[in-house]
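Engineer: Structure in structure tokens, see below.
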Amino acid sequence: MIVDHAPVTFDAGALIAIERGDAFVRSMSRVLAAAGVVVLIPAVAIVEVWRGGARRQARLATFLNDSIEFGHIRIVDLDFETAKQVGVLLARAPMSVADAVVCHCALGAGGQVVTSDPHDIGRLIPRDRIKVV
């Protein structure tokens with residue numbers, strides 16, 4: 001489980017796990033919320049998984065809406081400065097833009113990444129800061 005209180009970054013794989021009802025990710029989310037640990041979710045991760053809205057993705061929609069309302073998650077937008085910084089990361093480690101944005105969030109926050117893709121994330125994030133779902 002997550003040990004420190006630094007923000008934790010969820011990638012698209014973590015969001016897919018939530019939508020599928022994965023017990024581990026749901027439990028982790030509850031523990032993080034209870035401990036006051038903020039979960040960062042890059043907007044681009046939502047783009048990768050959002051395919052039908054609240055009716056088709058009820059679990060994910062409920063998680064996102066409730067977590068935003070109660071302040072447990074923060075959606076991270078991609079602004080001009082961040083876009084340039086992510087571009088620099090992509091020059092260092094070729095991967096998808098979405099994975100690079102996830103890495104940028106985690107590097108900036110000093111926390112862990114919850115992912116289903118440890119290979120690409122592991123190009124920029126130390127393995128001990130990656131939690132695989």
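The values are calculated or read from the model by the stated rules, or taken from the named source; none is laboratory data. The structure presented is a predicted model; accordingly, all values stated were derived computationally and were not measured. As a convention, Cβ positions derive from the backbone with ideal geometry for all residues, glycine included, and neighbour counts pool all protein chains shown.
Engineer: Condition check: over 17 Å from V113 (Cβ atoms) and touching a helix residue (DSSP H, G or I) at 6+ places or on another chain (Cβ under 7 Å). Does L89 satisfy that?
Structural biologist: Values: over 17 Å from V113 (Cβ atoms): no; touching a helix residue (DSSP H, G or I) at 6+ places or on another chain (Cβ under 7 Å): yes.
No: the conditions fail for L89.
Engineer: Still on this structure, please answer the following. Given (1) surrounded by fewer than 17 Cβ atoms within 10 Å (Cβ to Cβ); (2) modelled with pLDDT of 95 or more; (3) touching an Asp or Glu at 6+ places or on another chain (Cβ under 9 Å), where does R59 come up short, assuming only one miss?
Structural biologist: (2)
Engineer: Only one of L32, L40 is under 17 Å from V133 (Cα atoms), touching a residue at least 60 places away in the same chain (Cβ under 8 Å) and touching a strand residue (DSSP E or B) at 6+ places or on another chain (Cβ under 9 Å). Can you tell me which?
Structural biologist: Numbers: L32 fails: touching a residue at least 60 places away in the same chain (Cβ under 8 Å).
None of the other options fit; the residue is L40.
Engineer: Then there is this: Mind telling me which of the residues F70, F24 ends up being loosely packed, with under 15 Cβ neighbours inside 10 Å, within 19 Å of K131 (Cα to Cα) and among the aromatic types (F, W, Y)? Steps first, please.
Structural biologist: Details: F70 fails: within 19 Å of K131 (Cα to Cα).
When all the criteria are applied, what remains is F24.
Engineer: A further question follows. Among the residues of region 90-100, is there at least one that is touching a Phe, Trp or Tyr at 6+ places or on another chain (Cβ under 7 Å) and not acidic (D, E)? I'd like the intermediate steps shown before the answer.
Structural biologist: Step one: list which residues in region 90-100 are touching a Phe, Trp or Tyr at 6+ places or on another chain (Cβ under 7 Å), which gives none.
Checked against the condition, which is being touching a Phe, Trp or Tyr at 6+ places or on another chain (Cβ under 7 Å) and not acidic (D, E), region 90-100 yields no hits at all.
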